[in-house]
1. Against the longest principal axis of the chain, how steep is helix 237-250, in degrees 0 to 90 to the nearest 10, with axes from Cα atoms?
2. Here are some pairs, 159/340; 143/378; 34/238; which of them have Cα atoms lying more than 29 Å apart in this structure?
3. Per the Cauchy relation, a quarter of the hull surface: what is the mean projected area of the convex hull of the alpha carbons in the stretch 128-283, in nm²?
4. Note down the magnitude of the dipole of the stretch 274-357 about its Cα centre, charges +1 on Lys and Arg C-beta and -1 on Asp and Glu C-beta and zero elsewhere, to the nearest 20 debye.
5. Which whole-number percentage describes the relative contact order of the chain, with Cα contacts under 8 Å and a sequence gap of 6 or more?
6. Only four residue types carry charge here, +1 at the Cβ of Lys and Arg and -1 at the Cβ of Asp and Glu. Report the dipole size of the chain about the Cα centre in Debye, rounded to the nearest 20.
7. Could you pull the Cα extents of the chain along its three principal axes, largest to smallest, in whole Å?
8. Using a 1.4 Å probe on the protein heavy atoms, what percent of the accessible area of the chain belongs to carbon and sulfur?
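The values are calculated or read from the model by the stated rules, or taken from the named source; none is laboratory data. Keep in mind that what you see is a predicted model, and the values were worked out from it rather than measured. Positions of Cβ are backbone-derived with ideal geometry, glycine not excepted, and every protein chain shown enters the neighbour counts. Side chains are part of the model used for accessible areas, which takes the heavy atoms of the whole protein and leaves out ligands, DNA and RNA. Shrake-Rupley method; radii C 1.70, N 1.55, O 1.52, S 1.80 Å.
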Amino acid sequence: MTSYAPASEQDAAAIVTQAAARSEPLRLVGGGTKAAFGRPPQDEATLSATGLTGITLYEPAEMVVAARAGTPLAEVEALLAERGQMLPFEPMDHRPLLGSSGEPTFGAVAAANNSGPRRINAGAARDSLIGVRFVNGRGQPIKSGGRVMKNVTGLDLVKLMAGSWGTLGLLTEVTFKVLPVQEHVATLVLPGLDDAAAIEALATALGSPFELTGAAHLPAGIAGAEPRTLMRVEGFSKSVGYRLGELRRLLRRYGEARTVEGEESAALWRAVRDATPLAEPREAAVWRISTAPTRGPAVTAAIAAQRPARWFYDWGGGLIWLATDAADDAGAAVIRAAVKAAGSGHATLVRAPETLRAAVPVFEPLPEPLMRVTTGIKAAHDPAGIFNPGRMYAGV
């Protein structure tokens, strides 16, 4: 298979122009850590962003960082850490779950709208993405957005690229706003709660004025024998101490909570972020289910009534990571019926064998009107249909 690795945006534009002229489908890749996510590739060549590297802007006082799309994410995070700053949305590392190698890249964070536990407080990756440069399917370099939050030029196009999974264009540079690293981080742990009580406790805490930056529940047998309900609090030490005390009083009816800090706390949230409790067994299919937080336990109960499954909750119950047998349709019909019965939400098949990802819709099937819009957007940005064809939806 042919592989292209442009060293500049101009090189990328020339490669895309030529590929479009001969209708050559391209698989867009960064570090390759999420190559097994989505429908199987339907391409003839790869177009890699790994040659597009380097931090192009960092203004600590303005809390903005920009880098070319192939820049390793770790390089950007290390630079930010030197100045006591961080990406607000805590991007997931897919390698533990997908068993992949390589290095996550900065552009892929935007392309996948990669967001972790802090989303409940700081928003998703798209909420911090303020500027992009990309090459569209005509081989045209496009700049959208700016380098300061008040510049809203092309803001909708910036948001459109977030979560497009390389189907609309090759990102060449992305710009994110950043936040200060918090002085003190602590996690309140409530033991022994069942799913319904845990989600109720998390809803109570999230509805309080004590500002959680993480809200998760690990049922029995998920990263430990005992159920644990996790609430993360960050900020100045005095503020964290006060809020922890108030949360303990507020949640007294749910049991005696303990506090964990330092590496023990950080390890808990890395596990939640990266879905490592479901990484084994490798042959299991893994789903990422979004629903109304208070409906999370009903969704998992409906699924478990029809097939064996293991799961845990993030985002106060609004995000469910669920593992089940990969046989048949990996539970697609059961899972999507349970989500529909809950009133709203969607389910994405994150991990499964390639044959299954070819047979089962990986992303939530769209209603016909939305599919028409999606197809129209794809045609406008990539008229020859060369970028990651069929990765998100068959025939698109």
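1. 60 degrees
2. Violating the 29 Å Cα-Cα cut-off are 34/238.
3. For the stretch 128-283, the mean projected area of the Cα convex hull comes to 12.7 nm².
4. Computed about the Cα centre, the dipole is about 260 debye.
5. Relative contact order comes out at 19 percent.
6. Values: 40 positive and 39 negative charges, 151 e Å.
That gives a dipole near 720 debye.
7. That works out to 66, 53, 36 Å along the principal axes.
8. Summing carbon and sulfur atoms, their accessible area is 55 percent of the total for the chain.
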